[in-house]
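The values are calculated or read from the model by the stated rules, or taken from the named source; none is laboratory data. All of these numbers come straight from a predicted model, not from anything done at the bench. Cβ placement follows ideal geometry from the backbone for every residue including glycine, while neighbour counts extend to all protein chains displayed.
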């Protein structure tokens, strides 16, 4: 019974805003399908060199009043980064709230525009603790 | 700003039941971390040969009353399969409800014990439509 991982799908309310968010994170569009008949778009976005590990954004043209949502069963998407301080500074400079700052030089959490929790993990060893992250408190939950 | 995909995390209420479900699907445990202090376990499970594309099960030892949950922002996990009829028959024989049967020989949906939606897609071309799937109705939503 062969089985292989394909993607993780998340629904988005505002496609432009969401694509900008994931692009800011470093994901690129790899594939797109627009259905005139179904009035929806599917956009696959993946890290460079990992085109086979995309997220799929599902966008309903006529809106989705249930978004942004929250949930308990779904936890988060996780991405490794080369420098967690640079990544968080770049995100913050572009208006993304760092819900759980990388006080330990190792782990941070942010939220997508639709409230999808995203974990960022430093690749390799943790960085030495540093300001402004060291004394930055948490914001909201993740 | 290097970034690479790591995993998708889902929370589980009954670890044994959930691990049995994902094992039935064809995922194997690749890594496990038990925290006595935090009273939680993290279990990574992945398809064979795709150990770098795991899901992470988060299990809180003292339970989680918010599970099973539902949500709108999280869509599904997707897996490709070699024979969608065999996979669905195997799952069904083991008590899994096929919420969206593969009437088209191409796509099916099931739910994990915690209500995580899982899409199964036939690898390559769709199979020829066949019973009992062809005349099987949908159950619930996904």
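Regarding residue B:42, is this residue within 15 Å of residue B:114 (Cβ to Cβ) and modelled with pLDDT of 90 or more? In short, no. Within the stretch A:84-99, the set of residues being in contact (Cβ under 8 Å) with a residue 40 or more places away in the chain, surrounded by 15 or more Cβ atoms within 10 Å (Cβ to Cβ) and either more than 7 Å from chain B (Cβ to nearest Cβ) or not in a helix (DSSP H, G or I) (or both) comprises A:84, A:85, A:88, A:91, A:96, A:98, A:99. The set of residues in the stretch B:10-30 being surrounded by fewer than 20 Cβ atoms within 10 Å (Cβ to Cβ), within 13 Å of chain A (Cβ to nearest Cβ) and outside any loop (DSSP other than H, G, I, E, B) consists of B:23, B:24, B:28, B:30.
Would you point out the residue of the stretch B:34-43, among those that are away from chain A (no Cβ under 11 Å) and part of a strand (DSSP E or B), that is surrounded by the fewest Cβ atoms within 10 Å (Cβ to Cβ)? It comes out as B:35.
Out of A:114, A:70, one residue alone is touching a strand residue (DSSP E or B) at 6+ places or on another chain (Cβ under 7 Å), under 17 Å from residue A:13 (Cβ atoms) and part of a loop (DSSP other than H, G, I, E, B). It is A:114.
Taken over the stretch B:48-80, the residue count meeting the criterion of being closer than 18 Å to residue A:51 by Cα and within 7 Å of chain A (Cβ to nearest Cβ) is 6.
Quick test of your reading of the structure: residue A:105 fulfils all but one of (1) modelled with pLDDT of 95 or more; (2) outside any loop (DSSP other than H, G, I, E, B). Name the failing condition by number. Just one mismatch for residue A:105, condition (2).
Select, from A:75, A:49, the only residue that is part of a strand (DSSP E or B) and modelled with pLDDT under 95. Talk me through it step by step, then tell me what you get.
Numbers: A:49 fails: part of a strand (DSSP E or B).
Just one listed residue meets the conditions, A:75.
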